[in-house]
1. Within region 104-111, can one find any residue that is surrounded by 15 or more Cβ atoms within 10 Å (Cβ to Cβ) and touching an Asp or Glu at 6+ places or on another chain (Cβ under 8 Å)?
2. Here is a check on your reading of the model: is Ala128 crowded, with 20+ Cβ neighbours inside 10 Å, small (Gly, Ala, Ser) and either farther than 24 Å from Cys59 by Cβ or in contact with a strand residue (DSSP E or B) (Cβ under 6 Å, 6 or more places away or on another chain) (or both)?
3. All but one of (1) assigned to a loop (DSSP other than H, G, I, E, B); (2) modelled with pLDDT of 90 or more hold for Phe69; which doesn't?
4. For region 62-75, give me each residue that is within 9 Å of Pro3 (Cα to Cα) and open to solvent by 30 Å² or more (accessible area, probe 1.4 Å).
5. Among the candidates Phe154, Phe142, single out the residue that is within 18 Å of Arg90 (Cα to Cα), in contact (Cβ under 8 Å) with a residue 12 or more places away in the chain, among the aromatic types (Phe, Trp, Tyr) and open to solvent by 60 Å² or more (accessible area, probe 1.4 Å).
6. I need the full set of residues from region 1-50 which are assigned to a loop (DSSP other than H, G, I, E, B), at pLDDT 95 or above and surrounded by fewer than 17 Cβ atoms within 10 Å (Cβ to Cβ), in order please.
7. Within region 76-96, take every residue that is of a type in the set (D, E, K, R) and in a loop (DSSP other than H, G, I, E, B) and give me the one that is least open to solvent (accessible area, probe 1.4 Å).
8. Please find, within region 111-134, the residue that is nearest to the chain's Cα centre (by Cα) out of those that are more than 11 Å from Leu91 (Cα to Cα), outside any strand (DSSP E or B) and aliphatic (A, V, I, L, M).
Amino acid sequence: MHPSIRPATHQDIEKVADILCEAARWLEQRDMSIWRADELLPSRIADDVNAGLFLIAECDGEAAGVLKFQLEDGLFWPDVAQPESAFVHRLAVRRRFAGLGISSALLSWAVERARSLGRDYLRLDCEASRPKLRAVYERFGFIHHSDRQVGPYFVSRYEYKITGPVA
C-alpha cells in the first residue's frame, strides 16, 4: 500500500485528533500510555495543525496516519544545534492500517523534507521503555543517540543522518 502524504489543514483537525486518540487508547489498553488525553484534544493541536506542522497519510482517501514535523525542538533536544536538524513527533497510525508501511512512508517523507531544507539530521524521541517502537525506528535506520528525562517522560532519542541531496 502506497499512501499519499499531504499537510493537514484546518479541516483536518478532528481527523488528526482522532488518529492520535485511537493510537493513545490502543496503547493505554496495553499499559503503554505515552500521551496524556488532554494533549490530544482538537483545541490543543489546532495551532500546530494550522501552522502546517502535521502531515496526514491517506490510503484511498481515508486518513491512515499522522506525523508532526518540526524545525526546532528545544524541549527534547536542547543540546543539539537546531539549524542542523528537523524533528518528528506524534507519529501515529490507525490500527486498521498497522503493518502496511504507513509509518515508514511518513518517516521517508520527513527524511526527504529535511534533506530538501538542508538539514543534516532527522531526530525523534520515544518512550525508552517501548522496545518494539524503538525497533521500528532502528529498522528504518535511526541510530540511538541518548536517553533523557524530559518532565514526566524518560525518552530514548534517535537520529537519522541525512546523506545529502538526491541525485
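The values are calculated or read from the model by the stated rules, or taken from the named source; none is laboratory data. What you are looking at is a predicted structure, and each value in this text was computed from that prediction instead of being measured. When we count neighbours, we look across all protein chains shown, and the Cβ atoms used for this are built from the backbone with ideal geometry, even at glycine. All accessible areas refer to the heavy atoms of the entire protein, side chains included, with ligands and DNA or RNA removed. Shrake-Rupley method; radii C 1.70, N 1.55, O 1.52, S 1.80 Å.
1. no
2. Numbers: crowded, with 20+ Cβ neighbours inside 10 Å: no; small (Gly, Ala, Ser): yes; either farther than 24 Å from Cys59 by Cβ or in contact with a strand residue (DSSP E or B) (Cβ under 6 Å, 6 or more places away or on another chain) (or both): yes.
Against the criterion (crowded, with 20+ Cβ neighbours inside 10 Å, small (Gly, Ala, Ser) and either farther than 24 Å from Cys59 by Cβ or in contact with a strand residue (DSSP E or B) (Cβ under 6 Å, 6 or more places away or on another chain) (or both)), Ala128 does not qualify.
3. Failed condition: (1).
4. Result: no residue meets the conditions.
5. On the way: Phe142 fails: open to solvent by 60 Å² or more (accessible area, probe 1.4 Å).
Just one listed residue meets the conditions, Phe154.
6. Going through region 1-50, the residues assigned to a loop (DSSP other than H, G, I, E, B) turn out to be 1-3, 8-9, 30-36, 41.
Now restrict to residues that are at pLDDT 95 or above: 8-9.
Within region 1-50, Thr9 is the sole residue that qualifies.
7. Narrowing region 76-96 to residues of a type in the set (D, E, K, R): 79, 84, 90, 94-96.
Still in the running and in a loop (DSSP other than H, G, I, E, B): 79, 94.
Working: Asp79: 90, Arg94: 45 Å².
In this case the residue turns out to be Arg94.
8. Pass one, region 111-134, residues more than 11 Å from Leu91 (Cα to Cα): 111-123, 127-132, 134.
Cutting the leftovers down to outside any strand (DSSP E or B) gives us 111-120, 128-132, 134.
When the remaining residues are screened for being aliphatic (A, V, I, L, M), the result is 111, 114, 117, 128.
Details: Val111: 12, Ala114: 13, Leu117: 18, Ala128: 15 Å.
Only one residue fits best here, namely Val111.
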